[in-house]
Amino acid sequence: MSEDSTTAAYSARADEYTRLLGSIEDTHAQDRELIAAWADTAPGLIIDAGCGPGHWAGWLHGRGHDVVGIDLVPEFVAIARERFPQVSFQRASLADVATGEPAGGILAWYSLIHTPPEDVPGILAGFHTRLAPGGAALLGFFVGPSRQQFHHAVAPAYYWSTAELSVLLGQAGFAVDSTHRRTSAEHRPHAAILARRPAG
């Protein structure tokens, strides 16, 4: 599925998505703890890459962080700006993250899942370029056979294994700090990787 098709699919369901999943109260407590701990170590600007309706960016701003949210879905950007007017939101793609002022952190929380696997290395390289030395990216994703497509409620998505995504991060110049996994009986397994651009 192309980037345009994925954007159109989310555009058509942006209000529904926001109603069902667009509140920080809808997120898992373990995810909030992980993201908060990561953000507190970010030296400067945090980019919420693929911010959706802006709930993570708004929450991080409320915790005192300088945050910019980006998303390619215009309806999400409009909703986020209305809900969190104190936060800057921009319409941009994940590939656009590579350009701009240096960032201390990049949050890609389930925003890479719709990216064709062959495009993921280039996006990770762009994240590395954008991060200041010592800055870190935090990626959230669904665990499964790497690059295998699965049915997602909005648009086709891809599984990744923690091991293979860690390899791609290493090839992009990152050092993997930690990996995390969360499972439950009713949901697909979740994972997260915290990877840092070396300071040296």
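The values are calculated or read from the model by the stated rules, or taken from the named source; none is laboratory data. On a predicted model such as this, the values are computed, not experimentally measured, just so you know. Glycine also receives a Cβ, built like all others from the backbone with ideal geometry; neighbour counts cover every protein chain displayed.
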Note to self: Taking the criterion of being crowded, with 22+ Cβ neighbours inside 10 Å, among the charged types (D, E, K, R), under 11 Å from the mean Cα position of the chain (by Cα) and over 21 Å from HIS180 (Cβ atoms), would at least one residue in the stretch 45-68 satisfy it?
What the structure shows: no
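Every residue, every condition in (1) on the phi > 0 side of the Ramachandran plot; (2) modelled with pLDDT of 95 or more, yes or no:
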{"site": "ILE79", "(1), (2)": "no, no"}
{"site": "ARG147", "(1), (2)": "yes, no"}
{"site": "PHE150", "(1), (2)": "no, no"}
{"site": "VAL154", "(1), (2)": "no, no"}
{"site": "ALA157", "(1), (2)": "no, no"}
{"site": "THR162", "(1), (2)": "no, yes"}
{"site": "ALA175", "(1), (2)": "no, yes"}
{"site": "THR179", "(1), (2)": "no, yes"}
Check: Hey, any hits in the stretch 152-160 for a residue that's under 19 Å from LEU194 (Cα atoms) and hydrophobic (A, V, I, L, M, F, W, C)?
Finding: yes
